[in-house]
1. Within region 106-134, which residues are charged (D, E, K, R) and part of a helix (DSSP H, G or I)?
2. Would a scan of region 228-239 turn up a residue that is free of Cβ contacts under 8 Å to residues at least 40 places away in the same chain, in contact with a His (Cβ under 9 Å, 6 or more places away or on another chain) and among the aromatic types (Phe, Trp, Tyr)?
3. Go over the candidates GLY157, GLY149 one by one and state the one that is on the phi < 0 side of the Ramachandran plot, buried (at least 19 other Cβ atoms within 10 Å of the Cβ) and in contact (Cβ under 8 Å) with a residue 40 or more places away in the chain.
4. So, of the residues in region 237-278 that are buried (at least 21 other Cβ atoms within 10 Å of the Cβ) and among the charged types (D, E, K, R), which turns out to be farthest from the chain's Cα centre (by Cα)?
5. Only one residue in PRO208, PRO188, PRO232 is surrounded by fewer than 14 Cβ atoms within 10 Å (Cβ to Cβ), within 26 Å of the chain's Cα centre (by Cα) and not assigned by TED's automatic domain parsing to the domain that holds GLN113. Which one?
6. Counting only residues that are free of Cβ contacts under 8 Å to residues at least 12 places away in the same chain and among the small types (Gly, Ala, Ser), how many does region 73-92 have?
7. Can you run down the residue pairs with Cβ atoms below 6 Å, 6 or more apart or on separate chains, where the first is in region 93-110 and free of Cβ contacts under 8 Å to residues at least 24 places away in the same chain and the partner is outside any loop (DSSP other than H, G, I, E, B)?
Amino acid sequence: MVAIRSVAIQGIQGSNSHIAAREMLGSDVHIVPCSLSADVIAAVLDQRADVAVLPIENSLHGSVAEHYDLLLQHPLRIDAEHQLRITHHLIATPGVSIREIRTVLSHPVALSQCRRFLAGFVQAHGLPFFDTAGSVRHVVENKLRDTAGIAPRLAAGIYGGEILQENIEDHAENFTRFHLLRRASDPPTLTYAEANKLSAAFAIEHRPGSLVRTLTALAATGADLTKIESRPVAGRPWEYVFFVDLRFENGQTGADAAMAALTATSRMAKELGRYLAA
């Protein structure tokens, strides 16, 4: 297995993606921060980073549609997945009291996951920012006294912020699933015999019964369909690419059978990765 020295993430150090990368790869891995998800993919393909860690699904907010599109468009492979418990904290410049706060910055998803807190925090209004950790860095670096950020605890430690209120998320059962992505040409992390999960994409003919036929063929392989997601096909209105996650017990044989079923019943099938389920 090729050693992983650097990882690209969307956002900056102190973000949830940074935490997920550390939990998956260790705290010594070099972080390559990127503003956009497309920049994350470019950093891997251009070999500025060995791998990428990107969120694919949140238990409350749902799937990250853009990341499904990027997986289909580029020569990437999913090598692992990780589930991260998401917690949000109100973080301000040291010495600022919660009574002084009039604006709360954070990523739009984080703001939406703290709606109950923000609804009750009538003295202030929420304002979208490009990144959770970035909001804290902005507040602390500019010594703002009327503004706070919503971010993970790690961001307060990195940028010297002070936590005014902990765990302000609406739901404690808030998890994000992350994928570890490699260049498709790189050696896999696991042998296929060790993997018990397969992610794939497929497109079918636009006629009645096509999807049923494909799903029936998948069921016949014994694979457990744990997720299905559809994305529109650019330039072909009302046609879709389907993304599936499949669990299986018989290693390479199960994944091979599932891919054979997809290939036989679809006009396009692409394997996205074989890995251990989180």
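The values are calculated or read from the model by the stated rules, or taken from the named source; none is laboratory data. Keep in mind that what you see is a predicted model, and the values were worked out from it rather than measured. Every residue, glycine among them, receives a Cβ derived from its backbone with ideal geometry; neighbour counts consider all protein chains shown.
1. First, pick out the residues of region 106-134 that are charged (D, E, K, R): 115-116, 131.
Hits for region 106-134 are ARG115, ARG116.
2. Looking only at region 228-239, we keep the residues that are free of Cβ contacts under 8 Å to residues at least 40 places away in the same chain, and these are 228, 230, 232-239.
Keeping just the survivors that are in contact with a His (Cβ under 9 Å, 6 or more places away or on another chain) gives 236, 238-239.
Still in the list and also among the aromatic types (Phe, Trp, Tyr): 238.
Yes.
3. Values: GLY157 fails: buried (at least 19 other Cβ atoms within 10 Å of the Cβ).
Step by step, each of GLY157, GLY149 is checked, and only GLY149 is on the phi < 0 side of the Ramachandran plot, buried (at least 19 other Cβ atoms within 10 Å of the Cβ) and in contact (Cβ under 8 Å) with a residue 40 or more places away in the chain.
4. The qualifying residue farthest from the chain's Cα centre (by Cα) is ARG274.
5. PRO232
6. Going through region 73-92 one residue at a time, the tally reaches 0.
7. The qualifying pairs are PRO108/PRO128.
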